[in-house]
Structure formats: structure tokens, C-alpha cells
1. Which condition breaks for B:A39 when tested against (1) within 37 Å of the chain's Cα centre (by Cα); (2) farther than 15 Å from B:Q110 by Cβ?
2. Filter region B:265-292 for residues that are touching a Phe, Trp or Tyr at 6+ places or on another chain (Cβ under 9 Å) and buried (at least 24 other Cβ atoms within 10 Å of the Cβ) and give the result.
3. Just checking, how many residues over region B:297-336 are touching a strand residue (DSSP E or B) at 6+ places or on another chain (Cβ under 9 Å), without any contact (Cβ under 8 Å) to a residue 60 or more places away in the chain and at negative phi?
4. If B:V257 satisfies every condition in (1) touching an Asp or Glu at 6+ places or on another chain (Cβ under 8 Å); (2) among the β-branched types (V, I, T); (3) crowded, with 17+ Cβ neighbours inside 10 Å but one, which is the exception?
5. So, in region A:115-126, how many residues would count as being of a type in the set (G, A, S) and loosely packed, with under 15 Cβ neighbours inside 10 Å?
6. Look at B:T241 and say whether it is more than 25 Å from B:A343 (Cβ to Cβ), of a type in the set (V, I, T) and either surrounded by fewer than 20 Cβ atoms within 10 Å (Cβ to Cβ) or at pLDDT below 90 (or both).
7. Determine, yes or no, whether B:A70 is small (G, A, S), under 37 Å from the mean Cα position of the chain (by Cα) and either under 30 Å from B:T330 (Cα atoms) or modelled with pLDDT under 90 (or both).
Amino acid sequence: MSSSAFVSVVDDDESVRESLPALLRELGYVVEVYASAEEFLVSDRARDTRCLILDIFLRGMTASEFIRELADRRLAVPTIFITAHSDEELRSRLLSEGAVECLFKPFSDTALIAALDAAFRIQRLH
Amino acid sequence: MVLAVTADRVSLQWISWCPATGELSGAEPLYHLLGIDDAGTRTLATLLSRVHPEDAAPLRAGLEQAGRGAGAIAVEFRLFATDRCVSHIQLAARGVCDSRGRPGVIGVVQDVSAQRECEQALAQAQADLAYAARVMSLGSLSASIAHEIKQPLSGIITNASTCLRMLAADPPDFAGARETARRTLRDGNRASDVITRLRALFTRKTADDETANLNELVQEALALAYGDLQCRRIAIGTQLTEELPCVRGDRIQLYQVVLNLVLNAADAMDSIEERPRRLMIRTEWEGVERVRLSVEDTGTGFAAHEARLFEPFFTTKSGGMGIGLAVSRTIIDRHGGRLWAMANEGPGATFCFCLPCECPSLPDPGFVPRDRARTLSLEQR
């Protein structure tokens with residue numbers, strides 16, 4: 001699989017860090033997993049990421065701070081937010097700020113696949 | 001006569017017992033109180049047949065002891081009245097000799113049923129209030145609880161999708177599917193643990209004979225409130241003393257106190273923007289027979305409210321009812337401990353409680369409790 005299908009998952013929850021990459025690999029993506037935003041930012045492979053799947057409530061940094069940091073480092077990529085807090089207001093704000101999708105946990109594989117398709121469509125457009 | 005009237009006014013009744021004949025005697029109100037109105041029934045044997053089985057032997061032993069002249073006795077017993085009600089009767093008596101030198105017992109009895117009923121009603125009201133406060137604090141945690149359940153659920157659903165795909169592949173990936181099923185089980189157990197923890201908090205039962213470890217209570221309270229604290233951008237720190245002895249009491253109520261102190265600290269930091277919101281929980285020895293838990297925040301502090309903090313229905317929060325701290329203090333008092341608040345040297349406040357511990361270790365000759373000097377100086381302020 002080429003680096004064109006490279007997905008990074010950032011989530012502080014262990015269940016998600018184990019289950020989501022397994023499904024993504026099953027779907028044919030190359031996956032790296034990070035427990036924190038900082039861990040992702042300092043990794044060598046951040047620059048190869050074509051789609052970022054990010055839990056909104058990360059320890060340390062908030063989602064907005066993280067997105068700003070990505071832009072500053074010229075690392076901005078199509079981002080799918082995931083969260084265990086079903087907050088519709090937050091979802092619409094994130095979508096209006098350019099997020100590809102915001103999925104509420106637990107989400108189905110079809111919802112995930114649709115979001116990934118959208119993210120890689122955007123990726124191809126660039 | 002004067003004495004008899006006085007005794008009647010305070011509902012005390014004179015009683016005497018003759019060990020030789022087994023006869024009980026006194027005035028009419030005594031017979032009525034003990035349900036031995038008929039002359040032929042005024043014996044200890046008849047009385048004992050109406051006394052609660054658990055109390056009959058101690059009552060007989062007490063009277064016999066007094067009859068032998070072995071000093072004054074005081075016993076309380078439950079008496080089944082004819083209308084099936086239970087009366088609580090107190091007896092104070094001592095041995096005497098009559099004019100012919102025969103040993104006997106004289107004393108007074110008093111119906112303390114009303115007092116016992118009040119005590120039971122008070123205990124019940126306290127338990128009900130503690131339960132109400134607990135359910136309320138769980139209400140405020142509903143988002144956090146949903147978060148704690150959705151995380152493993154998310155794992156379960158993703159794992160199940162992966163597992164199906166691995167089995168449907170050509171050739172099927174059995175090893176991968178097995179591993180994924182194992183992870184599904186683990187996440188299922190994790191979700192179930194969250195529910196078990198919650199069910200315990202929703203129970204009404206009270207138990208005073210359990211043991212509780214403060215460190216475990218801290219970890220459980222933080223697990224439950226974690227999502228909530230994270231949402232409110234509160235950094236959590238703990239300094240838990242290892243091998244802390246257990247305390248005896250009602251585990252759920254003590255858990256409730258810890259959870260309440262954590263949520264109060266979080267509430268106190270909601271409006272803080274100019275400095276980090278930090279929650280620090282410590283457990284440690286207090287002397288050699290007590291253990292202490294403290295919850296420190298960097299919130300608004302309690303400034304002028306110090307004197308009223310623990311008053312029922314006193315609150316500075318818009319959504320609060322002001323019973324959390326009052327209930328917490330009642331619970332800690334009932335466990336033979338103490339709950340207090342102190343202002344931090346920097347911003348915020350620290351709430352502490354100490355409780356007697358189960359198996360006090362022998363004092364080390366050179367043992368000086370950590371932080372002792374600091375605690376004292378803070379309390380004096």
C-alpha cells in the first residue's frame with residue numbers, strides 16, 4: 001500500500017487505539033496510532049499523513065489548539081473528528097471550520113468508510 | 001408517695017423482683033407498661049416470655065447478678081406488647097435485702113420507645129438524604145458516564161466489524177478474527193465494569209461493617225468523573241500513599257464523599273481562565289491511627305463563606321442545592337472522622353477528611369507524619 005492511503009489515528013483511549021487501526025488496516029489503509037496530540041506532532045510520519053482521525057477531547061491540548069498547531073507546521077490534512085460526547089453544536093462548528101466529518105462514538109463501519117471516502121476525495125482534489 | 005408521683009411524671013416506674021418467688025411487684029402503671037396486669041402473671045418468667053429472644057437472656061442475667069449483690073445493673077430490652085407493638089424498655093436496678101434479710105432487687109423501668117423511634121427515624125432520614133445527594137451528583141455526571149460507556153462500546157462495534165471482515169476474506173483470517181474477538185470481550189467487560197460501579201451508587205442499602213480503601217475510592221471516583229473533568233479541562237494529579245490501611249464503614253457513602261469533593265473542586269474551577277485548573281488528590285497517614293484524604297483545587301476558594309460552607313442548603317452555585325458538603329460532613333462524622341476545609345497558600349481551597357483506620361500499625365519510634373507541620377499552620381489561618 002502506498003503512502004497515498006496513510007491514515008493517522010490520535011486517541012487517548014486504549015480500546016479505540018487498538019480497534020480502529022485494525023479495522024482501517026482491514027479496509028486497506030496504512031495506519032499509525034498516537035495516544036496524544038503531542039506524540040503525533042513530534043513523530044517522523046506526521047508529514048506523510050493523508051487523513052487524520054482525531055478524538056476531540058485529548059489530554060493536554062484541545063482540538064482547536066491542535067488544528068492551529070497543524071496549520072502552523074504546514075501539516076494540515078483532511079481531518080475526521082471522533083468523540084464520545086454527542087454534542088451537535090460542536091459537530092456543526094467543526095464541520096463549518098472545515099472538518100471532513102465528526103463521528104459520535106460508537107460509530108458504524110459504514111459511517112467510517114463514508115467519512116474516509118470523503119477525506120480521500122478532498123485529498124485527491126488538492 | 002412524693003417519690004412515686006415524681007417517678008410517674010418522668011414515666012419512671014418502680015419495680016422490685018424477689019428471686020426466691022420470681023415475683024415482680026410495683027404500682028399499677030408498671031404492670032400496665034410491662035403487660036402483666038393480671039395478678040397471676042406478675043412473674044419474671046411471664047415477662048421473659050414476652051421479651052425479644054435476643055434480650056431475654058441478658059435481662060435475666062442482669063437481674064440475677066443484681067440479686068447476688070454484685071452492684072447496680074442497667075439493661076435495655078424489647079418487649080412485645082399485646083397489640084404486637086414492640087416497646088423499648090430500660091431497667092436500672094440493684095440488689096437489696098428486705099427487713100427479714102432475704103435478697104431482692106429493686107429498680108426503675110422506663111419506656112424509651114419514643115426515643116428509639118426518633119433515633120431510627122433520624123438515621124433513616126440521614127440515609128435518605130445521602131441517597132438523594134448521591135443520585136443528584138450522578139445526574140450531574142451523566143455526560144461523563146455516557147462517555148465512559150461509549151468508549152468501550154466504540155471498541156466493541158469496531159472490533160465486531162473487523163472480525164466479520166476478517167472471516168469474510170478469502171482466505172479467512174482466523175487468527176486475526178480470534179484476536180479481535182478477544183479484544184471485543186475485554187471491551188465488553190470494561191463497559192460492564194462501568195455499569196457495576198454505577199449500580200453500586202444507585203443502591204439504597206446501608207452497611208456499616210464494610211471496609212474501604214481510600215486509594216481505591218479515589219481511583220473509582222476519578223474513573224467515573226474522568227470524562228467530566230477532561231471536558232472541563234482540569235488536569236488531575238494524585239499522590240496516594242501506598243499500603244494505606246482500610247477504614248471501616250459504609251463503602252458507598254464514603255465513595256460518595258470522595259466523589260462529592262472531586263465534583264465540588266471541579267465546580268470551583270469552572271470560571272477560572274487565567275491559571276491552570278488543577279485537581280490534586282492525596283491520601284496519607286494522619287498520626288498513627290487515622291488516614292487522611294485531601295482534595296486540592298486551584299478554583300475560586302471560599303473567601304467569606306468559610307463559616308457557612310457545611311450548612312445545609314448553603315450554596316454559591318447556580319445549579320446547586322447546597323446539600324453535598326452537609327451530607328458529606330454527616331457521613332464522615334458518623335464514621336468517627338472529621339471533614340474540614342482550608343484555604344490554599346496560593347489560589348483555591350483544599351477539603352480534607354480523616355477517618356480512624358482499621359489496623360493501626362505500631363508507631364515507628366522516629367515516625368513523624370509527613371506534612372504535619374504544614375497542615376497545622378494551614379488550619380490555624
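1. (1)
2. B:A265, B:V291
3. Number of matching residues: 10.
4. Just one mismatch for B:V257, condition (1).
5. Going through region A:115-126, the residues of a type in the set (G, A, S) turn out to be A:115, A:118-119.
From the residues that got through so far, the ones that are loosely packed, with under 15 Cβ neighbours inside 10 Å too are none.
Total meeting the criteria: 0.
6. Numbers: more than 25 Å from B:A343 (Cβ to Cβ): no; of a type in the set (V, I, T): yes; either surrounded by fewer than 20 Cβ atoms within 10 Å (Cβ to Cβ) or at pLDDT below 90 (or both): yes.
When the stated conditions are applied, B:T241 does not pass them.
7. Values: small (G, A, S): yes; under 37 Å from the mean Cα position of the chain (by Cα): no; either under 30 Å from B:T330 (Cα atoms) or modelled with pLDDT under 90 (or both): yes.
For B:A70, the condition - small (G, A, S), under 37 Å from the mean Cα position of the chain (by Cα) and either under 30 Å from B:T330 (Cα atoms) or modelled with pLDDT under 90 (or both) - is not met.
For (1) more than 19 Å from B:C352 (Cβ to Cβ); (2) in contact with a Lys or Arg (Cβ under 7 Å, 6 or more places away or on another chain); (3) surrounded by fewer than 18 Cβ atoms within 10 Å (Cβ to Cβ); (4) acidic (D, E), each residue gets a yes or a no:
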{"site": "B:F202", "(1), (2), (3), (4)": "yes, no, yes, no"}
{"site": "B:L222", "(1), (2), (3), (4)": "no, no, yes, no"}
{"site": "B:R251", "(1), (2), (3), (4)": "yes, no, no, no"}
{"site": "B:L261", "(1), (2), (3), (4)": "no, no, no, no"}
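The values are calculated or read from the model by the stated rules, or taken from the named source; none is laboratory data. Bear in mind that the values here come from a model prediction, so they are computed numbers and not experimental data. A quick note on method: Cβ atoms are made from the backbone with ideal geometry, for glycine too, and the neighbour counts reach across all protein chains shown.
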